[in-house]
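One structure is given below, encoded as structure tokens.
Please treat every number below as a calculation from the coordinates, not as lab data. Note that this is a predicted model, so its numbers are computed, not measured. So basically every Cβ, Gly included, is an ideal-geometry build from the backbone, and we count neighbours across all protein chains shown.
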There are 4 protein chains.
Amino acid sequence: MSEAREVTVGVVGMNYWGPNLARNLDRLDGCRLAWVCDRDESVLDRHRSAYPGSRFTTDLDDLLADEGLDAVVIATPVPTHAPLARLVLEAGKDAFVEKPLALDARDANELVAIADAADRVLMVDHLLVYHPAVRKLKELVDEGTLGEVFYLYGNRQNLGIVRPDENALWSLGPHDISVMLHLVGERPSEVSATGESYLQPGVEDVVFGRIRFPSGILGHLHLSWLDPHKMRKMTVIGSERMVVFDDMETERKVTVYDKGPIPRTETYGEYIQVRSGDIHIPKIPAAEPLRIVCERFVQAVRDRAPTPSDGAAGAIVVEVLEAMSTSLAESGRPVALSPRGAAA
Amino acid sequence: MSEAREVTVGVVGMNYWGPNLARNLDRLDGCRLAWVCDRDESVLDRHRSAYPGSRFTTDLDDLLADEGLDAVVIATPVPTHAPLARLVLEAGKDAFVEKPLALDARDANELVAIADAADRVLMVDHLLVYHPAVRKLKELVDEGTLGEVFYLYGNRQNLGIVRPDENALWSLGPHDISVMLHLVGERPSEVSATGESYLQPGVEDVVFGRIRFPSGILGHLHLSWLDPHKMRKMTVIGSERMVVFDDMETERKVTVYDKGPIPRTETYGEYIQVRSGDIHIPKIPAAEPLRIVCERFVQAVRDRAPTPSDGAAGAIVVEVLEAMSTSLAESGRPVALSPRGAAA
Amino acid sequence: MSEAREVTVGVVGMNYWGPNLARNLDRLDGCRLAWVCDRDESVLDRHRSAYPGSRFTTDLDDLLADEGLDAVVIATPVPTHAPLARLVLEAGKDAFVEKPLALDARDANELVAIADAADRVLMVDHLLVYHPAVRKLKELVDEGTLGEVFYLYGNRQNLGIVRPDENALWSLGPHDISVMLHLVGERPSEVSATGESYLQPGVEDVVFGRIRFPSGILGHLHLSWLDPHKMRKMTVIGSERMVVFDDMETERKVTVYDKGPIPRTETYGEYIQVRSGDIHIPKIPAAEPLRIVCERFVQAVRDRAPTPSDGAAGAIVVEVLEAMSTSLAESGRPVALSPRGAAA
Amino acid sequence: MSEAREVTVGVVGMNYWGPNLARNLDRLDGCRLAWVCDRDESVLDRHRSAYPGSRFTTDLDDLLADEGLDAVVIATPVPTHAPLARLVLEAGKDAFVEKPLALDARDANELVAIADAADRVLMVDHLLVYHPAVRKLKELVDEGTLGEVFYLYGNRQNLGIVRPDENALWSLGPHDISVMLHLVGERPSEVSATGESYLQPGVEDVVFGRIRFPSGILGHLHLSWLDPHKMRKMTVIGSERMVVFDDMETERKVTVYDKGPIPRTETYGEYIQVRSGDIHIPKIPAAEPLRIVCERFVQAVRDRAPTPSDGAAGAIVVEVLEAMSTSLAESGRPVALSPRGAAA
């Protein structure tokens, strides 16, 4: 790595998640945190002592004008993601954007087009995709260990932070949607969502979402911040095996069940029978997803290495969120997604 | 009880659930199992030695013609529920029908009308409504312990019996739907359902259903016989407390969480805050629901005592199932239920 | 099996566990339940209808005098085990005795000697040894999967039946002691036990026992019928793997942990490090231990096949119980067991 | 608090636990971390930047000679606890000592006598005694909620750090022993312990200990760093209720079971029956024990307020550890503790 070119990055938005990104990028070999930026001077002041080698500014233009700067990390409030990312890309720099990439699919796809045209990196912080447990799930799916994937569902429930300005779908949904899209590897054909607002008018506290894929695979989401259980779980049902990723467990993140239906051709009679075999809990490395995602971004900046959460992946997540919002407003009416390409 | 009039009942359909009903009725004080009926002579033969005091027949007409017989219990295949119940009621006898009451709402409501007109008892075997844990839930809701009920959801999942002729909605759904309607006590205004068939074309293995009530309460169902978890769970979220009924637990059937949002008027700032207090697990009596439901039926036959699973209750469950089936066939399109009375 | 000689057995003692043995033996191919015996006529009457082909008597001598009878199963109160087993063996018949085999080691070893001299089968109902999960444990130990076995411990706790005439050691201990001796395969060198009587003077409600084996393996027992947890668990720690048998689980009876210390030779520094790998939960067949133990006894009667709970195994369990009782009375003083052979 | 006299403390030993104590003391209102001391200059260097207002030294005499210093916190290796505490007390300063207070009871009791004679504070870091969950347990015991306490047992098991120089008894035992003594409030009359060394000769990896109290209460310890389960649990069985403190739980630290034996006088028949009622999980405040213990020490220094882990409490823990070590070396022989006062 010592031979590799050093990548320089700036972080914009130091109020919530930005400090975590800054800290991780600062520690990475081959990466230099050149700039720390926030509109609020007092926010900047809280971080000055931690990064004595970085320059601090309240003006994004300072970063955009710095010819030595390779990339900008955008951790500002959600509505600013798309406009800031556009500025960054148009300034010829690579961009890493907090999730969601944008508030609507049109903006998201425009960003993808701009990045493609200029050969810039556009990457979205779909953190969970880099979680070692999700990588295990992806491996189990891709190697065929699960057999044919039938359906999958996510539970993200808790009595937790109630956002005043973002509903449970936009706040909690990007995690599970990005993982589902990553695991299935298909562009969804149709989605729907229902939910209800109990605490604040127009801000759904609980949302049930559904994603249908062309192959017949079904995805289901249960999202809520008004729940007695604390759940962060993804279950994938295949014809040969079933697997559960439970992020509330420490030692048992992934459980593989060797159980499923017995194909009718192997049994007699009209009933379909089921079988239940061993249960296996593979050791999942303790690697920190946030560190991995930062490494992957730096690598992408350096050598254009592809990532599983590039702009295109981020844009589909936004398309799903947007279509689900439409469905949510119409009591769960199914909403079709345009075939790939049509949206751009 | 010794002074009370003895009630005489006959059981029709001894192949699957009928024997459990016969055994419980036979043991009840004040009840005499007068007839055991099944179309299949060999099925009858399996039960003759257990009920030496009962008469056995393959012909339902024998029961209908017996003037001394008060009531008939119908435990035959689902498609025959409605026609047989009609015969029983028209013969002037009280009827107890396995769930679901009928295959469509029209038939179900006609049965209710016939029973009402003739002042006959029509009761449906919504067993779970008589479960001591559900009675506890009902008490918590009705006494206001939960505060305002926001939403509730049921999980009925397992790797279990795959029915060739009934989908997960009709097979598993009546349990949760009957409990939700019982707890909420409102006629639903709209339902929807999505699902997918993986093992047999046209027979859904997994179904997600939604019930919307006029007051804004939302109910959600997760039904599946293709799942690694064995779950039989109902969660009710209220403004003051949350409660979970977990039927897989032996000692902890009902858990009451003293947690919820803090009303904004009591806090400062724009965020809604949450609080989390004690957890309470009340002792639930070990009484057998099947025994209770049989007792309640015999009591109803004797003195017309009302029950929480009368014909009207059973008919709404069928309306919900029917409307969900419509929604299921149209990819989850929301389906409105007619206001009460309109369906009859 | 159709060619095999039919074995005839009689069961003595039908008040508590005897009926279970009778029912299982009666159903076994190649076995005929010839006699059912109990001193109490009214007890016999409860079982007559279930075994129309068997002869009933209140007099054990009827069984002993029946030349066609191969074997007698003794399920009478514990103090009568040894005297009745002696009568059965001296009458030239094979004997199956409920646990414990006797109330003291001297009696137990005499029975072994009598059986050996007369070439009669003497088998003890150490049911758990035949549990498929224990057979899995034995396989893991014997095949070296666990590496070198370090120690093992059993938890048998509950808020349960409080015996007026038997303490927790004699009531609960034989299960875990028989399993430990079976797994380790060594004659213990020393035992100790401590406990306390809270509900009835002189009858210990909670007992902690310890077994030391010559190889250095340690066994520990936690026995209690005054406990909030319901536990039936055996944990075995080896140098390479650790395994837990939890009989309260339905689907996860046996869990194998691929974890343990890293031998110092493979690491640097003075600290011993540990490693933690996959967890595996092998499918355990649902076979009923009681049925298996009956089959094994019938087989032993037919062809002298050895069993893991023969008289010798049963006698060591009694020796351990007796020595633990001595220790219990002396506040946990360690009590040495005589080397093998010396006791006879 | 602003009016209260400021307390000045120094911390000795910054290699392992000392930094945690220093950080907490430094943050406390009314306390000033005047000195940071370690024999190793390079260890000191790691902490200089964190405490710009404190003086650093490798020589304890600097602290002892500082007339403005009120108290010294000793977090050095265990064998140095007693000699350093003696120096501190003899220099007229208050002392806070990491557990265990000393390596033998004689030293511990001498320290108590010195502190008493000079009216100095001597406090031991029995952290768990200050845990909000243990305070809840103490309250349940003292208020009689549990009824008569019968027995209690601790499980401290894990696959964890294997100490080369300290066995599981001395390393893990002080936690549970201090809690047991605190809850029971009696001086133990007799102890015993058994264990075995598997990884290093003479260093026990697993220890089972027993404490007998004059009132008949029994305490039992299961200590191991070679175990597949991670357990940190204390169970207390009373005549009216049973309570479990499980420190591995986040939301359910303390569970109170309203279950127990039914006194014979209230039932008929010879059997003792049991009853099982509600389960209650009180909300336990999230307060940090380490912060509380530091606050209590500062308070004691300021106004001589008594604490539940004073020198006398710490000395009994050492007496128990020492007597258990004797028992451990003699295969579990019970070892009597001298009545109170005799040891001094």
Shielding by partners, peptide C:140-153 (average Cβ within 10 angstrom, other chains): 2
Could you bin all the Cα-Cα distances of segment B:38-85 into 5 Å bins starting at 0 and give me the percent of pairs in each, rounded to whole numbers? 4, 17, 25, 29, 18, 5, 0
So, for the Cα atoms of segment A:215-344, Rg and Dmax in Å stand at 19.9, 61
With axes computed from alpha carbons, what is the tilt in degrees of helix B:18-27 against the longest principal axis of chain B, rounded to the nearest 10 within 0 to 90? 80
Could you tell me whether segment D:180-248 comes out rounded, prolate or oblate from its Cα gyration tensor? Rule is a ≥ b ≥ c as square roots of the eigenvalues, rounded for a/c under 1.5, then prolate if a/b exceeds b/c, otherwise oblate. oblate
Against the longest alpha carbon principal axis of chain C, how many degrees, from 0 to 90 and to the nearest 10, is the axis of helix C:132-142 turned? 50
Quick one: check the C-alpha center-to-center distance for segment D:102-174 versus segment A:22-85, whole angstrom. 50
What ranking do C:218-224, B:304-310 get when scored by the average of other Cβ atoms within 10 Å per residue, highest first? C:218-224, B:304-310
Rounded to the nearest 10 degrees, what's the angle between the helix C:81-90 long axis and the longest principal axis of chain C, both from Cα atoms, 0 to 90? 60
At 222 nm, what value in deg cm²/dmol follows for chain B if DSSP H runs of at least 4 each add -39500 (n - 2.57) and the sum is divided by all its residues, to the nearest 500? -9500 deg cm²/dmol
I need the P(r) histogram for segment D:1-137: all alpha carbon pairs, bin width 10 Å from 0 out to the longest distance, whole percents. 12, 42, 35, 10, 0
Once the cut-off is 14 Å, how many percent of the Cα-Cα pairs in segment D:275-344 end up in the long-distance tail? 75
Relative intensity, log₁₀ I(q)/I(0), of the protein assembly as shown from a Debye sum that treats every alpha carbon as a point, q = 0.07, 0.08 Å⁻¹: -0.97, -1.23
Decide, for segment C:136-216, between rounded, prolate and oblate: order the square roots of the alpha carbon gyration tensor eigenvalues as a ≥ b ≥ c, take rounded if a/c falls under 1.5, and otherwise choose prolate if a/b is larger than b/c, else oblate. prolate
Axis carrying A onto C: which residue of A has the nearest Cβ, and how far, whole Å? A:His280, 3
Protection proxy (average C-beta count within 10 Å per residue), highest first, orders C:290-300, B:247-257 as C:290-300, B:247-257
If packing is taken as the average number of other Cβ atoms within 10 Å across a peptide's residues, how do D:10-17, A:133-140 rank, most packed first? D:10-17, A:133-140
Just grab the label-to-label distance for D:Asn20 and C:Ser49, each label 7 Å out from Cα along the Cβ direction, in nm (one decimal). 6.7
Per-residue mean of C-beta atoms belonging to partner chains within 10 Å, peptide A:327-336: 4
Inter-copy distances for D:Pro83, nm, shortest first, label points 7 Å along Cα→Cβ, are 6.9, 7.0, 9.9
On the formula 1/(1 + (r/R0)^6), with r taken between the Cβ atoms of A:Ser239 and D:Ser276 and R0 of 45 Å, the FRET efficiency rounded to 0.05 is 0.55
Would you kindly work out, in nm and rounded to one decimal, the distances from the label point of D:Glu249 to those of the same position in each other copy, ordered shortest first, with label points 7 Å along Cα-to-Cβ? 1.0, 2.0, 2.0
Kindly state, as a whole number, the per residue volume in cubic angstrom of the convex hull around the alpha carbon atoms of chain C. 162
Report, for C:Asp104, each distance to the same residue's label point in the other copies, shortest first and in nm; define the point 7 Å along Cα→Cβ. 4.4, 8.3, 9.4
Which whole number gives the average count of other chain Cβ atoms within 10 Å of the Cβ atoms across peptide B:192-199? 6
For a 29 Å ceiling on Cα separation, which of these pairs sit above it: C:Lys99/C:Lys253; A:Lys138/C:Lys283; C:Lys93/C:Lys136? C:Lys93/C:Lys136
Classify segment D:70-182 from the C-alpha gyration tensor, please: rounded if a/c falls under 1.5, else prolate or oblate depending on whether a/b exceeds b/c. oblate
